[in-house]
Amino acid sequence: MRAPDNGKEDPLETDPQPTMERLRMKDMLRNSLRYGAAGIVLLFGLAIAANAQTSGATNQASLNDTSLAGALARYREYTKYPPESRPLHASNWDLLHPWTVDTATLPLTPDSWKAQLETMMKSGVPRTEIAQRIGTAAAFPTYNFAVNKLILAGTRDELIARLTVSPAPGTADLHSFHIVKAELIGDMNFGSPNLGSVPYSCDPGATPQCTFTWKAPDAEKQYWGALQLKVTVALQGQGNDYVALLHFYSSPMVPGRFTGSFQERLENGSLMIDAGVKVQKRMACFVSANLFSADKEIPTHHAERRMIVDPSMSVITFTFFGKIFRDNGYEGTFRIQDLKAQCENLPYPPEWFMDSSAHLADLEQFQNQPSPGPEPGSIYFEYNNFTFTTRGHPISDFSDAEWQAPERTQKLDLLNKAAQQPVDPATLEILKRPSR
């Protein structure tokens with residue numbers, strides 16, 4: 001897609017990524033690997049699924065081996081890098097573009113359908129029947145929102161969404177359209193209030209498009225959570241008004257921000273970068289950043305941490321593991337970018353979230369108390385586009401040693417023992433299945 005004619009970077013020209021809950025799910029997976037022999041089946045499943053992420057350094061025959069010994073080899077290969085510092089590749093779109101997700105092309109639906117669907121659901125109409133009725137939407141024109149991002153963090157962060165309407169599948173009839181109204185609908189946790197109109201401008205070119213812009217006017221709770229841009233469209237020659245919806249997440253209240261200050265150092269053969277922060281609230285957060293080769297303009301590392309942030313902190317340290325540099329021949333100058341902190345909005349101390357097994361009794365007691373009221377689950381550090389380029393590093397600066405940690409050693413011992421024991425054929429077949 002080409003850049004606009006003014007020569008400036010088009011904020012809409014970004015690549016998609018598939019999920020907003022990536023960090024949470026990956027962290028849950030890592031937690032499940034910490035609890036001894038009870039997780040042995042999951043360990044084998046992870047090791048098998050990790051085959052695609054292994055390098056050529058391990059004997060390929062052992063990586064393709066579907067026996068337990070092969071699963072052990074894959075697990076050893078996968079865990080040679082630590083969980084908080086992993087290789088980053090051009091195919092990892094979700095990690096390379098952490099503030100956006102893919103937007104699907106959907107059918108425009110008549111404005112009257114919403115009330116009909118709600119009535120059917122309240123009347124107990126089976127989902128299969130509802131789906132059959134919705135299936136007639138294939139006859140309607142389609143729409144797509146091209147967006148610059150789908151997560152807004154802070155009151156200075158702005159959504160830019162470009163709406164395009166296309167002919168119904170199988171037809172060539174492109175109807176011109178005009179906007180009847182564009183409005184913002186709040187989070188359902190707060191009753192889905194109407195938050196007012198959204199400004200827009202339209203280009204009546206060969207392919208008509210309208211661009212909508214919005215940012216939270218202040219840090220009030222009503223602008224927080226899963227919001228909807230609801231656009232009512234009138235098509236030329238059609239009697240009905242149609243609705244196009246765009247879902248996005250807004251976090252106008254922020255628990256902290258990155259300051260843009262950085263310091264680099266080498267520690268045990270890995271590159272460590274301290275990123276300056278100002279923290280307003282003690283919270284459990286998933287903090288992440290990407291590293292690029294500044295010389296070759298290719299991604300090298302993704303770093304992420306699950307941690308408690310606190311107002312006493314002045315820096316958050318990211319580790320870029322040495323062996324990843326060595327295994328891929330990375331040297332020269334490097335650039336850290338894509339700094340992001342997604343925090344859990346919890347009604348209880350963050351320590352309980354970080355170690356739920358140790359605080360199980362506290363959590364059970366808390367569940368018996370009156371609910372503090374609904375609130376969105378996530379809150380983000382203020383959006384930033386800070387970068388920092390390191391000094392030049394020869395490859396000899398970095399260690400070729402594999403990650404060593406007690407939990408890895410323990411799991412490898414368990415896997416070694418399991419691989420040496422006779423296994424029932426039915427159990428073996430279960431262990432060979434890819435994890436879901």
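Contact map, region 90-101: first residue small (Gly, Ala, Ser), second residue surrounded by 16 or more Cβ atoms within 10 Å (Cβ to Cβ), Cβ cut-off under 9 Å, separation 6 or more or different chains; pairs are Ala90/Leu96; Ala90/Pro299. Among residues of region 150-166 that are at positive phi, those with a beta-carbon under 9 Å from a residue that is in a strand (DSSP E or B) at least six positions away or on a different chain give the pairs Gly154/Ser251; Gly154/Arg257; Gly154/Tyr380.
Residues in region 295-354 that are over 23 Å from Ser378 (Cβ atoms) and charged (D, E, K, R): Asp295, Lys296, Glu297, Lys323, Arg326, Asp327, Glu331, Arg335. Among the residues of region 326-334, is any surrounded by 20 or more Cβ atoms within 10 Å (Cβ to Cβ) and either in contact (Cβ under 8 Å) with a residue 60 or more places away in the chain or among the acidic types (Asp, Glu) (or both)? Taking every residue of region 326-334 in turn, at least one turns out to be surrounded by 20 or more Cβ atoms within 10 Å (Cβ to Cβ) and either in contact (Cβ under 8 Å) with a residue 60 or more places away in the chain or among the acidic types (Asp, Glu) (or both). Out of everything in region 231-245 that is crowded, with 21+ Cβ neighbours inside 10 Å and of a type in the set (A, V, I, L, M, F, W, C), what residue ends up being nearest to Ala104 (Cα to Cα)? In this case the residue turns out to be Ala244.
Selection of region 193-222 for residues being among the β-branched types (Val, Ile, Thr) and assigned to a strand (DSSP E or B) yields Thr211, Thr213.
When you look at Ala244, is it in a loop (DSSP other than H, G, I, E, B) and either in contact (Cβ under 8 Å) with a residue 24 or more places away in the chain or touching a Pro at 6+ places or on another chain (Cβ under 6 Å) (or both), yes or no? Judged against the criteria, Ala244 is not a match. Of the residues making up region 151-174, those that are surrounded by fewer than 21 Cβ atoms within 10 Å (Cβ to Cβ), modelled with pLDDT of 90 or more and not charged (D, E, K, R) are Ile151, Gly154, Thr155, Ile160, Thr164. If I filter region 332-354 down to residues being polar (S, T, N, Q) and assigned to a strand (DSSP E or B), which single residue comes out as farthest from Gly322 (Cα to Cα)? Across region 332-354, the extreme among qualifying residues is Gln342.
Sort out which residues of region 250-270 are surrounded by 20 or more Cβ atoms within 10 Å (Cβ to Cβ) and part of a loop (DSSP other than H, G, I, E, B), and write them in order of number. Pro252, Met253, Val254, Pro255 - these are the residues of region 250-270 that are surrounded by 20 or more Cβ atoms within 10 Å (Cβ to Cβ) and part of a loop (DSSP other than H, G, I, E, B). Residues in region 408-420 that are surrounded by 14 or more Cβ atoms within 10 Å (Cβ to Cβ) and either over 15 Å from Glu77 (Cα atoms) or hydrophobic (A, V, I, L, M, F, W, C) (or both): Leu412, Leu414, Leu415, Ala418, Ala419.
Would region 360-377 turn up any residue that is modelled with pLDDT of 95 or more, surrounded by 12 or more Cβ atoms within 10 Å (Cβ to Cβ), of a type outside the set (A, V, I, L, M) and in a loop (DSSP other than H, G, I, E, B)? No, region 360-377 contains no residue that is modelled with pLDDT of 95 or more, surrounded by 12 or more Cβ atoms within 10 Å (Cβ to Cβ), of a type outside the set (A, V, I, L, M) and in a loop (DSSP other than H, G, I, E, B).
Considering Arg257, Arg282, Arg326, the condition of being of a type in the set (D, E, K, R), at pLDDT 95 or above and under 30 Å from Gln228 (Cβ atoms) is satisfied by Arg257 alone. Could you tell me whether Glu304 is of a type in the set (D, E, K, R), outside any loop (DSSP other than H, G, I, E, B), crowded, with 18+ Cβ neighbours inside 10 Å and in contact with a Leu (Cβ under 9 Å, 6 or more places away or on another chain)? Considered against the rule, which asks whether it is of a type in the set (D, E, K, R), outside any loop (DSSP other than H, G, I, E, B), crowded, with 18+ Cβ neighbours inside 10 Å and in contact with a Leu (Cβ under 9 Å, 6 or more places away or on another chain), Glu304 comes out as yes.
Residues of region 347-359 that are closer than 17 Å to Pro311 by Cβ and either crowded, with 16+ Cβ neighbours inside 10 Å or of a type in the set (Ser, Thr, Tyr) (or both): Pro350 alone.
The values are calculated or read from the model by the stated rules, or taken from the named source; none is laboratory data. Predicted model only: the values in this text are computed from it and were never measured. Reconstructed Cβ throughout: ideal geometry from the backbone, glycine too, with neighbour counts over all protein chains shown.
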